[in-house]
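Remarks on the structure that follows.
Only the coordinates and a few stated rules stand behind these numbers; no lab work does. These numbers were taken from a predicted model, which means no experiment stands behind them. Note that each Cβ is placed from the backbone with ideal geometry, even for glycine, and that neighbours are counted across all protein chains shown.
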Amino acid sequence: MENEKRKIRKELLYLMWFVIGFVLCFIVFVLIPPYISQKGDISSTADQANSDSSDNFITLVEYADNGFRPNAVTIRKGNYIVIRNISAKTHVWLSSDNPLLNTTRGYAQSEQIRSVLNDEGVYAVTNKLNLSHKLTVVVR
C-alpha cells in the first residue's frame, strides 16, 4: 500500500514537472518572440513612410488592397525592410530580382516579411497575386 502511494506521488510529480515545462516552453517559444519582433524603430505614420528612409534602421512598407505603401523606399545597406500585409482581402506573395525579397508562400493579413538587405542596388518587388502592385527598393 505504501509503495502504491509513493508510485502515485512520483507519477503526479512527473506530471507536474511536465506541465511546468510545457508552460515555460510555450511562453518562451510562442508568446515572447512576437513581442520581441515588434521592438525597434518601426515607423508607421504616412508622413514618415513617404519620406526618404535611408537613416532608419527598420523601414516599414505596408501592403493594402490598393498596393504597397509607399511604393518606393530607399534604405541604407545592412538595414531591415519589413513588409507587412494589412489587407483583409489579399495575400501578399513577393517576387523580386533580389532573392531575399522572394517569398515561397502568400502572407495573410497582419503577417510580415523581414529582410536585411546587404547588397546595394535597385530592386523591383511585385505581388505575384496582383502583378500591378509593385514596390521599388533602393539600397545605398
query: Spin-label point model (7 Å from Cα, Cβ direction): what's the L13 to I32 distance in nm?
result: 2.7
query: Taking neighbour counts of Cβ atoms within 10 Å as a proxy for exposure, in what order, fewest first, do S115, S95 appear?
result: S95, S115
statement: Most exposed to least, judged by fewest other Cβ atoms within 10 Å, R84, R6 sort to R6, R84
query: Say each of L129 and A64 gets a label point 7 Å from the Cα, pointing the same way as Cα to Cβ; how far apart are those two points in nm?
result: 1.8
message: Cut-off is 10 Å between beta-carbons; in what order do R76, R9 appear when sorted fewest neighbours first?
response: R9, R76
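Give me the number: length gained by fully extending N118 to R6, i.e. 0.36 nm times residue separation minus the C-alpha to C-alpha distance, one decimal in nm. Before the final figure, lay out each step's value.
Details: separation 112, 0.36 × 112 = 40.32 nm, distance 6.08 nm.
Full extension from N118 to R6 adds 34.2 nm.
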